[in-house]
Ligand code: SF4
């Protein structure tokens, strides 16, 4: 196997190289071995009907003009893009649907082990939904909130509930271009319909379709998922935790949870704190039980990193059970586990891995299943073989930021965003950057996130981070406030010290990108900057993206008025017309845009150009370093 550095994290690289010396293959090796199909990678392959697939490349490498049905290249590229967005929306929103049903069942007393943890948030959501709160029991109220949110999935007329949270001017732009979503499932079905053979052939309207379905995620499914998670598990508040492979200890029973289901993580957390379970672990020779996750730091659980670190955890040889639920899980966990003693357990009805133990995490018996899983891990602890590359690196992390926690940190009693807005207006903070998206073995995984993050804070840009981008920052020590404050530019540092926040704010997992939308709406309603989300000095970057969910994320931010720059190669590269619509035309219509930019230095320059242009158009004080 070629010996080249693939991860931006030293400990990850050490594990990769150890695995290679024993012929253990990871995504890094497969990324080198598998070359992308040049037609598919650029959006130029249509396989929507069985007259095709039509590859818009001749064997002589000259472009063909039309598919067998007559569809032109731009149609095919836009259609493929819309299908990616719709698939991403389906993933986020199906997750949200499960949470909405869970809230309903908790409210009706049908399931035990969960409760309404944040009544204040429940009241806030009820207020937004126009539900009467006074004198009502929290379960009665939660039932109505859940029913109202479940309607968002099946609505056939009207608009999504949360459209009322969108600043008016932003909403007017959506009405003008007919992209206001009605119902989540309806928008996904319509996207699949209009991309069938012989339906929509206009790249412009297909791409407007991508915005519309994606808005049903950002201001629908993802936002619903974050809100219900807050109600059931508590709204995040800044809290210290740890990140890195070293969260797992040699003398502990180690449980790795991979996925996105907060109920699974919470139940496992509860079970590992039970005295009889701790005693049982001790009886097997362990000093305690450690639960760590991949992706999210859900509910403050320490994280071993993002997507590309999941296989590497197993190569340490000290994971007694890897418990997975849904989304972004590698089936090769089972292949790697074969080399060690690790038990891999799937738990979701929708996400199986061939040959792997399946223990359904059914809401009617969550405690029982979680206890079986933890017991299995404890019983497996004595079976460790001593094989594996153990690394001890771990970093301090401050995570758990949210709209609600930021409202509390603006130094006044009316929960406003005045302090932050003033710092932006006066140029102490140059602007905001959302650092989001996956990590990806086709680039120097996690390294692009961390390299850009360090540079951005130096230039007084406050970072809001989520998903694997946040995990990359966490593992690299960039979420340790003491470390990162030293790196920040003088204006950003001063503002962060005044507000008692670090320069990089960890907001959660992929559905928590919706928290960024709510923070930006709060900045708009505070006043003094832009009167819509578009035009704020804000840019979103997803430098290592790979999942369809990120296309949906990119589109809903762009439609909301934010320039988005995604890294790596472009899935619409085959059509200049499509790329122009997504950048120039969307910017004219929505003040947002979606770029794909493989050169990370250029990406950085584009961030600065967009931010400074927004400052100039808003007549804000010109940014000056150290002023
Ligand atoms: Fe080819 Fe048209 Fe069928 Fe696509 S829909 S595979 S372009 S014939």
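Bear in mind that the values in this text are calculations on the coordinates, not laboratory data. No experiment lies behind these values; they were computed from the predicted model shown. Quick reminder, even Gly has a Cβ in these numbers, built from the backbone with ideal geometry, and neighbours come from all protein chains shown.
Calculate the all-directions average of the projected area of region 215-295's alpha-carbon convex hull, and give it in nm².
Result: a mean projected hull area of 6.6 nm².
Using only the Cα atoms of region 443-546, each taken as one equal point scatterer with no solvent, compute I(q) by the Debye sum, divide by I(0), and report log10 of the ratio at q = 0.20 Å⁻¹.
Results for region 443-546 at q = 0.20 Å⁻¹ read -1.11.
To the nearest 0.05, what FRET efficiency results for residue 416 and residue 580 with a Förster distance of 30 Å applied to their C-beta separation?
After rounding, the FRET efficiency stands at 0.15.
Restricting attention to the alpha-carbon atoms of region 66-188, what are Rg (one decimal) and Dmax (integer), both in Å?
Calculated on Cα positions, Rg and Dmax stand at 18.7, 65 Å.
What is region 497-564's relative contact order, in percent, from Cα pairs under 8 angstrom and six or more apart in sequence?
Dividing the mean separation by the residue count of region 497-564 yields 27 percent.
Under the definition of Cα pairs under 8 Å and six or more residues apart, what whole-number percent is the relative contact order of the chain?
After rounding, I find 17 percent.
What distance in nm separates the simple spin-label points at residue 178 and residue 110, each placed 7 Å from Cα in the Cβ direction?
Label at residue 178, label at residue 110, 3.8 nm between them.
Taking Cα pairs under 8 Å and at least six residues apart, what relative contact order does region 535-580 come out at, in percent?
The normalised contact order for region 535-580 reaches 44 percent.
Mind pulling up the Rg/Rh value for region 267-307? Radius of gyration and Kirkwood radius, both on Cα.
For region 267-307, the value is 1.06.
Going by Cα centres, region 301-345 and region 426-477 are how many Å apart?
Spelled out, the Cα-based centre of one part sits 25 Å from the other.
Between residue 352 and residue 609, 0.36 nm times their residue separation minus their Cα-Cα distance comes to what?
Working it through step by step, the gained length comes to 88.0 nm.
Suppose the chain between residue 375 and residue 168 were pulled fully straight at 0.36 nm per residue; how much longer would it get relative to their current alpha carbon spacing?
69.2 nm
So what is the orientation-averaged projected area of region 243-401, using the convex hull of its C-alpha atoms, in nm²?
Mean orientational projected area (region 243-401, Cα hull): 8.7 nm².
By how many nm would the segment from residue 196 to residue 365 grow when fully extended, if each residue of separation counts as 0.36 nm and the alpha-carbon distance is taken off?
56.7 nm
Could you give me D for region 537-577, from Stokes-Einstein at 37 °C and 0.692 mPa s, where the hydrodynamic radius is the Kirkwood radius over C-alpha pairs? Units µm² s⁻¹, please.
Rounded, D is 302 µm²/s.
Stick to the Cα atoms of region 300-354, pair each with every other, and give me the Kirkwood hydrodynamic radius in Å at one decimal.
11.7 Å
Under a point spin-label approximation (7 Å from Cα along Cα-to-Cβ), what is the residue 204-residue 385 distance to one decimal in nm?
Between residue 204 and residue 385, the label points sit 6.2 nm apart.
Would you kindly work out the equivalent ellipsoid of region 220-261 from its C-alpha gyration tensor and give its semi-axes, the square roots of five times the eigenvalues, largest first in whole Å?
Taking √(5λ) for each eigenvalue gives 28, 13, 9 Å, largest first.
Mind giving me the FRET efficiency for residue 239 and residue 47? R0 is 51 Å, r the Cβ-Cβ distance, nearest 0.05 is fine.
0.65
Take each of the peptides 550-559, 246-255, 563-572, average the number of other beta-carbon atoms within 10 Å over its residues, and list them starting from the highest.
Most protected by this proxy first, the peptides run 550-559, 563-572, 246-255.
Given C-alpha coordinates of region 487-582, what is the ratio Rg to Rh with the Kirkwood estimate of Rh?
1.02
Residue 458 to residue 588: FRET efficiency via 1/(1 + (r/R0)^6), r the Cβ-Cβ distance, R0 25 Å, to the nearest 0.05?
Calculated transfer efficiency: 0.20.
Rg/Rh for region 166-274 to two decimals, with Rh computed the Kirkwood way over all alpha-carbon pairs.
Rg divided by Rh gives 1.17.
For q = 0.07 Å⁻¹, what log10 I(q)/I(0) does the chain give under the Debye formula with an equal point scatterer on each alpha carbon and no solvent?
-0.42
Whole Å is fine, so just give me how far the alpha carbon centre of region 602-627 lies from that of region 107-158.
Using only Cα atoms, the two centres lie 42 Å from each other.
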